[in-house]
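Here's the structure, in structure tokens; my notes come after.
The values are calculated or read from the model by the stated rules, or taken from the named source; none is laboratory data. Every value quoted in this text rests on a predicted model; they were computed, and no experiment measured them. Here the Cβ is made from the backbone with ideal geometry for all residues, glycine too, and neighbour counts use every protein chain on show.
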Amino acid sequence: MTERVECLVIGAGAVGLAVARALARRGREVLVLEAESAIGTGVSSRNSEVIHAGIYYPPGSAKARLCLEGRRRLYEYCEAHGVPFRRCGKLIVATEEAQLPELKSIGETAHRNGVDDLQWLSPAEAKRLEPALSCSGALLSPSTGILDTHAFMLSLQGEIEAAGGTVLCHTPVRGGCLDGALCLQAGSAEGALEIAASVLVNSAGLQAQQVAHSLGVAQQTIPPLHYAKGNYYGLQGRSPFQHLVYPVPEPGGLGVHLTLDLAGRARFGPDVEWIERLDYSVDPGRATRFYREIRRYWAALPDGALTPAYAGIRPKLGGPGAPAADFLIQGPEAHGIPGLVNLYGIESPGLTASLAIAEQVADAVSV
């Protein structure tokens with residue numbers, strides 16, 4: 001027996017839930033399928049929980065546009081719905097004079113993206129803000145912040161359900177057929193559901209390509225997937241910093257930076273470790289490199305102060321040495337299947353951009 005629903009969203013991470021909320025708020029019937037036992041257990045729960053300002057991304061890219069719009073929407077959402085957050089600000093630091101031209105280039109890119117509140121700081125000005133900091137110059141981003149990601153996702157789920165939508169966990173997609181109709185099988189082998197929908201949004205994160213293959217999407221339209229693991233280490237003891245601190249970016253990521261949680265506890269990461277399979281373990285031995293990198297901007301980091309915390313994996317569309325790829329929000333014009341939208345490569349700043357991505361997807365499937 002086939003269950004029928006107007007809109008089906010695969011994946012209950014921040015972006016999938018935001019898409020489902022946007023559709024439900026427009027009066028659409030929505031069902032969200034999540035393979036795991038709870039919402040937001042993948043990419044959405046293994047990151048720095050930063051609200052990004054929109055600084056680094058190529059001007060005109062989807063990441064730049066959606067981050068800027070998403071940041072505005074996310075701050076408004078947190079304020080309106082009681083989601084804990086803090087505009088703590090961020091310092092991007094040159095740890096040596098040779099990096100100052102790169103820091104200037106970052107500021108120019110941010111300005112072209114519409115980020116108009118960056119402030120240049122001399123080493124003395126930066127040290128007045130953060131006495132423990134060592135740098136040759138810095139950019140202050142006042143609009144960078146942090147939030148409680150899980151509270152945000154729970155709020156989105158609540159809004160979906162209040163609008164008549166449903167979120168089903170323990171319901172992995174097992175396969176489907178998109179030839180003439182959007183139909184799939186989901187759930188356990190013993191109790192699989194047959195579901196037909198008018199709109200299908202594949203927001204499965206690290207499994208988005210796998211889901212697309214299982215549904216029979218044309219292979220040539222499915223981009224390659226590369227796993228970029230990011231390891232995080234927590235700081236034992238009290239942090240001397242009130243702002244986030246980022247070095248200039250490194251290939252594949254934003255460098256080993258210092259972020260804070262809402263209780264003021266510090267953590268460092270992520271680094272970039274290219275892997276072939278999902279692996280969330282954190283090797284204590286990798287901390288050696290962390291000490292070296294962190295001491296470029298915090299010389300007084302004590303020996304033995306770092307402890308393994310957690311790891312996240314970014315769903316990269318480009319592998320080692322390749323330029324950073326943009327978000328790929330792929331509709332029927334690319335794969336030829338009416339009603340289907342695939343979301344590939346939704347890594348950072350996907351959390352910040354989630355509400356803006358949701359509106360773009362909802363607009364795309366409303367025509």
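Which is at pLDDT 95 or above, touching a Lys or Arg at 6+ places or on another chain (Cβ under 9 Å) and over 20 Å from K63 (Cα atoms), of A311, A305, A325, A300?
On the way: A305 fails: touching a Lys or Arg at 6+ places or on another chain (Cβ under 9 Å); A325 fails: over 20 Å from K63 (Cα atoms); A300 fails: touching a Lys or Arg at 6+ places or on another chain (Cβ under 9 Å).
Selected residue: A311, the only one of A311, A305, A325, A300 that is at pLDDT 95 or above, touching a Lys or Arg at 6+ places or on another chain (Cβ under 9 Å) and over 20 Å from K63 (Cα atoms).
The numbered conditions (1) in contact with a helix residue (DSSP H, G or I) (Cβ under 7 Å, 6 or more places away or on another chain); (2) closer than 30 Å to I357 by Cβ; (3) surrounded by 15 or more Cβ atoms within 10 Å (Cβ to Cβ) are all true for A138 except (2).
Could you tell me whether G312 is closer than 20 Å to E273 by Cβ and in the same structural domain as V199 (by TED's automatic domain parsing)?
Values: closer than 20 Å to E273 by Cβ: yes; in the same structural domain as V199 (by TED's automatic domain parsing): no.
Spelling it out, it is not the case that G312 is closer than 20 Å to E273 by Cβ and in the same structural domain as V199 (by TED's automatic domain parsing).
Could you check region 88-122 and list, in sequence order, the residues that are without any contact (Cβ under 8 Å) to a residue 12 or more places away in the chain and part of a loop (DSSP other than H, G, I, E, B)? Scanning region 88-122 gives a single hit, D116.
Output the number of the condition that T41 fails; it satisfies all remaining conditions of (1) closer than 14 Å to G350 by Cα; (2) among the β-branched types (V, I, T); (3) free of Cβ contacts under 8 Å to residues at least 60 places away in the same chain. For T41, the failing item is (1).
From the list G180, G187, the one residue that fits, being within 27 Å of S214 (Cα to Cα), of a type in the set (G, A, S) and surrounded by 14 or more Cβ atoms within 10 Å (Cβ to Cβ), is G187.
I'd like to know if region 249-259 contains one or more residues that are surrounded by fewer than 17 Cβ atoms within 10 Å (Cβ to Cβ), touching an Asp or Glu at 6+ places or on another chain (Cβ under 8 Å) and not basic (K, R). There is no residue in region 249-259 that is surrounded by fewer than 17 Cβ atoms within 10 Å (Cβ to Cβ), touching an Asp or Glu at 6+ places or on another chain (Cβ under 8 Å) and not basic (K, R). For L244, state whether it is aliphatic (A, V, I, L, M) and surrounded by fewer than 22 Cβ atoms within 10 Å (Cβ to Cβ). Considered against the rule, which asks whether it is aliphatic (A, V, I, L, M) and surrounded by fewer than 22 Cβ atoms within 10 Å (Cβ to Cβ), L244 comes out as yes. Of V32, V19, V9, all but one fail to be under 17 Å from the mean Cα position of the chain (by Cα), at pLDDT 95 or above and assigned by TED's automatic domain parsing to the domain that holds G175; the exception is V19. Within region 32-58, being surrounded by fewer than 19 Cβ atoms within 10 Å (Cβ to Cβ), of a type in the set (S, T, Y) and either in a loop (DSSP other than H, G, I, E, B) or touching an Asp or Glu at 6+ places or on another chain (Cβ under 9 Å) (or both) holds for S37, T41.
Quick one: which strands (runs of 3 or more DSSP E) sit completely within region 234-301 and have at least 2 residues that are free of Cβ contacts under 8 Å to residues at least 40 places away in the same chain?
Working: elements: 244-247, 258-260, 266-268, 273-275.
By residue number, 266-268.
Taking the criterion of being in a strand (DSSP E or B) and in contact with a Gly (Cβ under 6 Å, 6 or more places away or on another chain), the residues of region 327-352 that qualify are L328, V341.
Do we have G350 as surrounded by 18 or more Cβ atoms within 10 Å (Cβ to Cβ) and in the same structural domain as A22 (by TED's automatic domain parsing) here? Before the answer, list the steps.
Numbers: surrounded by 18 or more Cβ atoms within 10 Å (Cβ to Cβ): yes; in the same structural domain as A22 (by TED's automatic domain parsing): yes.
Against the criterion (surrounded by 18 or more Cβ atoms within 10 Å (Cβ to Cβ) and in the same structural domain as A22 (by TED's automatic domain parsing)), G350 qualifies.
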